[in-house]
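Structure, as structure tokens:
Nothing in this text is a laboratory measurement; each read-out follows from the coordinates by a stated rule. Worth saying up front: this structure is predicted, and the values here are computed from it rather than measured. Neighbour counts are summed over all protein chains in view; Cβ atoms, including those assigned to glycine, are modelled from backbone coordinates with ideal geometry.
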Amino acid sequence: MANCQILWNNVLNVVKSSTNEAIFKSFFSVVHPLSYDDNKFIIKVDSPLVADWIKQKYFSIIEDTLSKSAGENIQLLIQCEGIQEEIITSNTISPGKKKKIHVTNLNPNFLFNNFVIGNSNQMAHAAAYASGQNPGHAYNPLFIYGGVGLGKTHLMQAIGHAAIAKNKDLKVLYISSEKFLNQYIDAIQNNTSAKFRNYYRSNVDILLVDDIQFLSKKVGTQEEFFHTFNALHNEGKQIVMTSDKSPKELKGIESRLVNRFEWGMIVDIQSPDFETRVAIIHKKLEQYGQIFDEDVCFYLANKIRNDVRKIEGAIIKLLGYASIKNEPISLEMAKECLKDYVSSHIVTLDFIQKSVSEFFALNDTDLKSNKRPKSIAYPRQLAMYLCRNMTNSSLTEIAQSFGGKDHTTVLYACRKIEKKKTEDEITKQQLLTLEKKIIDNIQMM
């Protein structure tokens, strides 16, 4: 039987000849052969992004090269350590044999030292870092909220990594609220509720729950989580939750749970400003061992404003595009490669305000003023509602953009328009017209 390393060297030679040096170094430098046995060749990667990249771009090449080199059909398996105790193939997920290690289900890439701090997330980072250094005492519970792709999950899991670094015996569990719901349903169906409760209330030191808003209107699961929360909190165990909205904005969540969420620290993450987005791009490129010209970085930062996850996706797509073209990355290439990707056409608070002002023939300053006649107050409320529903901005961000108003003003406006659009056909049509107008104008930019 051929040696595992020899087979892998043959793969590297073939891959290197079919891609550029930058891509090769960025992705294959973090891939390591683990074993070759029983027609199965296992490689290990340290990032789900790398695993996904290999599956999409190089899986067939690697598997074919291995089979030719070994003289037999070989099945390639990809192990992504730290993400889950599983082996990933091209289309399936199946159990694999691994040596016993200290297992968590945390993403190994979500650490404090690779989280880019800016004005939009400084408070959230500080609270998360303190929780990781002193779990159960600094801020408990910690509630982090904000839009999609802004780093809530990153910070949450960084707490777990930091806590384990200080005490390897800590039992840290990261789970989505959807998975918690499904486990609870399974426990009821299989008559294992006592085992389910014991697991969460006796065998977890740090509980990290993502997207708590998913429990909305799930009365039974909320009841179970309420008692789990109380049990852990009474024992001084750290609880961290993320949500797309602040506790007060959550709908369909029992008031007693909302009350528990507010016991500790509540912090929000807002959309990163331009400088922070550029810093994020540089950090991601550093992780991949890449350098972009500054004009390419600025282009990405200008086009993708509200979602850090999309920034990373754009970088990966651009690297792959350059690999296929076998050309250096330029601004022109970035525009060509990402023309559809960045055509998500960012809707900004300012753009919405200008669109509403034009629609109602108001001055640009009217919506930001304190004027209260209905001819201004009503359009202002519509604009606040649209800002809340068409952007990832927080209530505080929206309030500040309307002349420094309080976030409760925005919340009141959103609730009023939400109710009014169900009762008043004119309001409903105005909203539809404005939404179409805003999207159409953005796409023409």
- request: Within the chain, what's the longest run with no trypsin sites (Lys or Arg not before Pro) in a DSSP loop and at most 16 other beta-carbon atoms within 10 Å? Give the range, please.
  value: 1-96
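Using 0.36 nm times the number of residues separating residue 61 and residue 199, minus their current alpha carbon distance, what extension gain do you get?
45.3 nm
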field: DSSP bridge pairs, the chain: antiparallel proportion in percent, nearest 5
entry: 30
- prompt: If R0 is 25 Å, what FRET efficiency do you get for residue 168 and residue 273 from their C-beta distance, rounded to 0.05?
  reply: 0.10
task: Grab the other residues whose beta carbon is less than 14 angstrom from that of residue 117, score K and R as +1, D and E as -1, and report the net.
output: 0
message: Restricted to Cα positions, what overall size does the chain have along the principal axes? Three whole-Å values, descending.
response: 84, 59, 38
- prompt: Summing +1 for each Lys or Arg and -1 for each Asp or Glu, what net charge is found among the other residues whose Cβ lies under 11 Å from the Cβ of residue 209?
  reply: -2
- request: Over the alpha-carbon set of segment 300-445, work out the extent along each principal axis and list the three values in angstrom, largest first.
  value: 61, 28, 28
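So what is the 222 nm mean residue ellipticity for the chain from helices alone, if each DSSP H run of at least 4 adds -39500 (n - 2.57) and you divide by all residues, rounding to the nearest 500 deg cm²/dmol?
Theoretical 222 nm ellipticity from helices: -17000 deg cm²/dmol.
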query: So what's the net charge close to residue 176: Lys and Arg +1, Asp and Glu -1, counting the other residues with Cβ under 11 Å from its Cβ?
result: -2
task: Could you check the simple spin-label distance between residue 372 and residue 217, using points 7 Å along Cα→Cβ, in nm with one decimal?
output: 3.6
Cα gyration tensor shape for segment 112-269, rounded if a/c is under 1.5, else prolate or oblate: oblate
Approximate spin-label separation residue 330-residue 10, in nm, with each point projected 7 Å along Cα-to-Cβ: 4.0
query: For segment 349-443, what is the charge dipole size about the Cα centre, in debye to the nearest 20, if Lys and Arg each add +1 at the Cβ and Asp and Glu each add -1 at the Cβ?
result: 300
query: Which FRET efficiency, nearest 0.05, do residue 133 and residue 396 yield, Cβ-Cβ r, R0 30 Å?
result: 0.70
Segment 178-197 versus segment 215-263: alpha-carbon centroid distance in Å: 18
field: the chain: DSSP helices with Cα axial extent of at least 20 Å and average Kyte-Doolittle hydropathy no lower than 0.0
entry: 4-18, 152-166, 308-325
query: Between residue 350 and residue 182, what is the spin-label point distance in nm, taking each point 7 Å from the Cα along the Cα→C-beta axis?
result: 4.3
